[in-house]
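A short write-up of the structure that comes next.
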Amino acid sequence: MASQSASIELTSPKFPSTEFRVEGMTCASCVSRVEKAIRAVPGVASANVNLATEKATVAFSSQPDPQAVTAAIAKAGYTTPEETLELQVEGMTCASCVARIEKALAAVPGVTSAAVNLATERAVVRYPAGSVTRAALENAVRVSGYDVIKSAEGAKSDDAEERRAAEIGALGRALAVAATLTVPLFVMEMGSHYVPAIHMWIMTNIGMPTNLYIQFVLATVVLFGPGLRFFRKGIPNLLRRTPDMNSLVVLGTSAAWFYSIVSTFMPSVLPSGTAYVYYEAAAVIVTLILLGRFLEARAKGRTSQAIKRLVGLQPKTARVIRNGTVVELGLEQVVVGDRIEIRPGDRVPVDGAVLEGDSYVDESMISGEPVPVRKTVGAEVVGGTINKTGAFTFAATKVGADTVLAQIIRMVEEAQGSKLPIQALVDNVTSWFVPAVIAAAVLTFAAWYVLGPSPALTFALVNAVAVLIIACPCAMGLATPTSIMVGTGRAAELGILFRKGEALQTLRSAQVVALDKTGTLTKGKPELTDLTVRTGFDRGEVLRLIASIETKSEHPIAEAIVAAAERDGLALSEVTAFDAEPGFGVAGTVSGKRVLVGADRAMAKAGIDVSEFAGVAGMLGDEGKSPLYAAIDGQLAAIIAVSDPIKETSVDAIRALHDLGLRVAMITGDNGRTAQAVAKRLGIDEVVAEVLPDGKVDAIKRLRAGNRVVAFVGDGINDAPALAEADVGLAVGTGTYIAIESADVVLMSGDLRGVVNAIAISKATIGNIKQNLFWAFAYNVTLIPVAAGILYPINGTLLSPILAAGAMALSSVFVLGNALRLRRFAAPLALTQETRTRASASDGIDILEPAS
């Protein structure tokens, strides 16, 4: 990136990954099953399924075959919804045009079919939901030599928000029906056992046979009405010998329901004293699990709120100047080069460069920095940011998927969909978890039937059902991805983008933070930092004369001096008799005065004594600054220094890193004296100076000695190798796109304190994941044996299937609720906007008292 507002460019492999939406997954076993099915497809290099986002990210080693992937997902018992998109194509004249466009569209990764109609000039494209963007299809048409003049009326938009709302609504309705039917059923059965008045009323007014028939009807409606969703998924998976969470629910409720039917209609076939009914258990289990799914769906929607907010930053329209007239166009109609008008309070629609006007723009939603940034002619603006009080016109430079905001969203989504190394344990367990639970239920039934007290059959059934119902692979499957979604989303709101999910886990373990100097610790641009004038000379006049001379030079030091004078509002004068002597300095006549600016050797050559400034020169040297002197009409007038100033926030950042117990190193290509001076001022532990890019890589390797985890922070092209070599590379967002492309984490602001915040949110997220995993495993390891009756010989404790269902339903909700706590994560170091406009003449310059 050339600046904070520059776009983040990403490269793509030869066969880019394709995303498929997978519906019907309910637990970690589903994830394992879908991944196994996709990986078995020829040409698939890897498959990564995320339960929280309900997406499968598939990488291909050869030409992508999305139809084979969707077929494999369907064979595994899940669905991949298909979308249809229509494009209005212009320029077709014959069948060859049709064939060419169809071939181009079919070649877009993810497309399953493409049909073009010459008569209607429309192309109908089908693809798995979420796997293809409209922009990619339109680009394929244009590359083929044709144009898309408008989007035709297509299928329903793939709106994740609407889909989630529909899911919550359906679960809410199913829960309401199930609860309405289950409450009277529960009262009739349990009330008869524990409330004598209810028992007497039922026996007197209804009778036991009718009571059982009513319970049968209510339970049957609950199981095969609201509970039918479990059977539709669970039974096919059982038949495929790939049981999932739904299969456990089906087995448990069906066992209770069938046993009750036998007790109701054929009690004679059961051993004496065992003809009990468990209709209420079957109904309550379904109702409680529906309640858990309902709460889970609502919580899942909240885990992706950060992405929703990012998407919501982009306005729907833009005020575009076409043929001298301002017209309001949909964002999809804006093209690169369009002139766009921005009024006070408007949200910037796309990325661009200011052509005219002057204003302040709030970029906090992109960079995390709270203070509005001044935008004048030539400044870059980012889509999604908010204009404040001024007005300006800018030219669009990036639109659609190329804008910073679009790429930020893509980065966050990719990070949210990634699997961390910590997930490996869950993957290993979930592949055999459900079959193991079924086996445990069978063993429980057999043990109680053979060894249990009378009525053994009843005890065996109840405890086996409790084992089936209490097991919860859902919590294990949600433990990691939900925390990643919320954590990376919160990080994005703070201006921290995790490009790779693995960095989220590795960064928390960092022991050494290595920093580039120029542009990372310092501002990366020389500034006039010191100006001390002799008694009898006016500071402003001296600076005006020096700056006037330096206008004739193109050296970066000269530019810094001229910029300081311009900030002070000084009027520069014409220079005559200008003379530049390399290695010494420059001289010339300004306003009738002979001015000489240069090093001490230039003054010595001119016979001017600089010993008066010896103390100041020594102080500047200790700070790694090279002093220059100015003489006017043969008299020593001032000592000045130009350097790359340290960012105001670097001191706080280094102190905070030390407070975290981290060792801080600086790796730079600058000379050793300057590097040591900067390190001394900042309290940096180790310095590696005067190194080339390869030398930075070697330095990273040395810092890694003793198996230490090293994080490297940089911003330039020469930092890219070190960013790639480090265990975690963090790129400062105001740096070059090459550095960003090599990094694992991007800090959107130039504030180094973002490193501290990134480490903090990494620690918080991984800590949250560990809490979730502990709960998920501890829950299953502890309660499955309890449900099997392990405590019965000790204290007579047995776990009711109803309590088991309640515990199972709440376990997933607990995991999701814990993950959502990350939304309240507070950055340990609040970011502040670096000063962009120098309002004071002294800003950035150490003005010392005149030397006596």
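The values are calculated or read from the model by the stated rules, or taken from the named source; none is laboratory data. For clarity, every value in this text was computed on a predicted model and none was experimentally measured. Here Cβ is always computed from backbone atoms with ideal geometry, including for glycine, and neighbour counts include all displayed protein chains. SASA here: full protein model, heavy atoms, side chains in, ligands and nucleic acids out. Shrake-Rupley method; radii C 1.70, N 1.55, O 1.52, S 1.80 Å.
When the alpha carbon gyration tensor of region 636-712 is reduced to an equivalent ellipsoid, the three semi-axes, largest first, read 27, 17, 9 Å.
Here the translational diffusion coefficient of region 569-625 follows from Stokes-Einstein with Rh set to the Kirkwood radius across Cα pairs; for 20 °C and 1.002 mPa s it amounts to 164 µm²/s. Amide H contacts under 5 Å for THR79: GLU23, restricted to partners 5 or more places along the chain or on a different chain, H placed in the peptide plane at 1.01 Å from N.
Would you kindly state how much longer the chain becomes between ALA580 and ALA778 on full extension, computed as 0.36 nm times their sequence separation minus their alpha carbon distance, in nm to one decimal? Intermediate values should be presented prior to the final figure.
Values: separation 198, 0.36 × 198 = 71.28 nm, distance 7.75 nm.
Gain on extension, ALA580 to ALA778, equals 63.5 nm.
Comparing ALA711, TYR279, ALA299 along the charge dipole axis of the chain, the residue lying farthest to the positive side is TYR279, per the Cβ-charge model. The charge dipole of region 619-775, taken about its Cα centre with unit charges on the Cβ of Lys, Arg, Asp and Glu (plus for the first two, minus for the last two), comes to roughly 600 debye.
For region 502-581, which GluC sites (Glu not before Pro) are in a loop by DSSP, counting at most 15 other Cβ atoms within 10 Å?
Values: sites: GLU502, GLU527, GLU541, GLU550, GLU554, GLU559, GLU566, GLU574; in loops: GLU554, GLU574.
Answer in residue order: GLU554, GLU574.
The Cα center of region 501-532 and the Cα center of region 230-260 differ in position by 57 Å. Its DSSP H runs of at least 4 residues, each contributing -39,500 (n - 2.57), put the calculated 222 nm mean residue ellipticity of the chain at -15000 deg cm²/dmol, to the nearest 500.
Between the listed residues ILE470, TYR78, LEU504, the Cα displaced farthest toward the positive end of the dipole of the chain, a dipole computed from Cβ unit charges relative to the Cα centre, is found at ILE470. Ranking LEU451, PHE825, TYR629 by how far each Cα lies toward the positive end of the dipole of the chain (charges on Cβ) leaves LEU451 at the top.
Across all Cα atoms of the chain, the radius of gyration (one decimal) and Dmax (whole number) stand at 35.2, 124 Å.
Computed 3J(HN,Hα) for region 55-65, one whole-Hz value per residue from the Karplus formula 6.51 cos²θ - 1.76 cosθ + 1.60 where θ = phi - 60°, is 10, 10, 9, 10, 9, 10, 9, 9, 3, x, 10, glycine and proline marked x.
Summing Cβ point charges (Lys, Arg +1; Asp, Glu -1) relative to the Cα centre of region 213-306 gives a dipole of roughly 500 debye.
Rounded to the nearest angstrom and listed largest first, the equivalent-ellipsoid semi-axes of region 589-679 from its Cα gyration tensor are 37, 13, 11.
Of LYS605, LYS625, LYS763, the residue with the largest accessible area leads and the full order is LYS605, LYS763, LYS625 (1.4 Å probe).
For VAL687, the residues whose modelled amide H falls within less than 5 Å of its own, excluding neighbours fewer than 5 places apart on the same chain, are MET666.
Compute for region 475-620: radius of gyration divided by Kirkwood radius, i.e. Rg/Rh, restricted to C-alpha atoms, rounded to two decimals. With Rg and the Kirkwood Rh in hand, the quotient comes to 1.29. Modelled spin labels at ALA401 and LYS103, positioned 7 Å past Cα toward Cβ, are 2.2 nm from each other. Output the 0 to 90 degree angle, nearest 10, between the alpha-carbon long axis of helix 134-143 and the longest principal axis computed from the alpha carbons of the chain. Around 60 degrees separate the two axes. Here region 15-76 and region 327-402 have alpha carbon centers that stand 39 Å from each other. Accessible area per residue was computed with a 1.4 Å probe on protein heavy atoms; LYS375 scores about 10 Å². Summarising the amide proton neighbourhood of LYS647: residues at separation of 5 or more, or on other chains, whose placed amide H is nearer than 5 Å comprise THR522, LYS523.
May I ask for the Kirkwood hydrodynamic radius of region 186-311, worked out over all distinct Cα pairs and given in angstroms to one decimal? Intermediate values should be presented prior to the final figure.
Numbers: mean 1/r = 0.0598 Å⁻¹.
Averaging 1/r across every pair of different Cα atoms and inverting gives 16.7 Å.
Relative to the dominant Cα principal axis of the chain, helix 539-550 is inclined by about 90°. Of the residues LEU816, LEU288, the one with the largest accessible area comes first in the ranking LEU288, LEU816, computed with a 1.4 Å probe on protein heavy atoms.
In Å², and per residue, what accessible area does the chain have when probed at 1.4 Å with the other protein chains present? Spell out each step's value before the answer.
On the way: 35410 Å² over 852 residues.
Result: 42 Å² of accessible area for each residue.
Taking the C-alpha atoms only, the angle from helix 556-567 to the longest principal axis of the chain is near 90 degrees. Counting protein heavy atoms only, the chain has 57 percent of its accessible area on carbon and sulfur, 1.4 angstrom probe.
Cross-link partners for LYS605 among the aspartates and glutamates, with Cα-Cα distance under 19 Å and sequence neighbours closer than 8 places in the same chain left out: ASP579, GLU581, ASP633.
Over 23 Å apart at the Cα level, from the set LYS625/LYS680; LYS36/LYS103; LYS647/LYS701; LYS55/LYS316, are LYS36/LYS103; LYS647/LYS701; LYS55/LYS316. Remark: the chain carries a charge dipole of roughly 3020 debye about the Cα centre, counting +1 on each Lys and Arg Cβ and -1 on each Asp and Glu Cβ.
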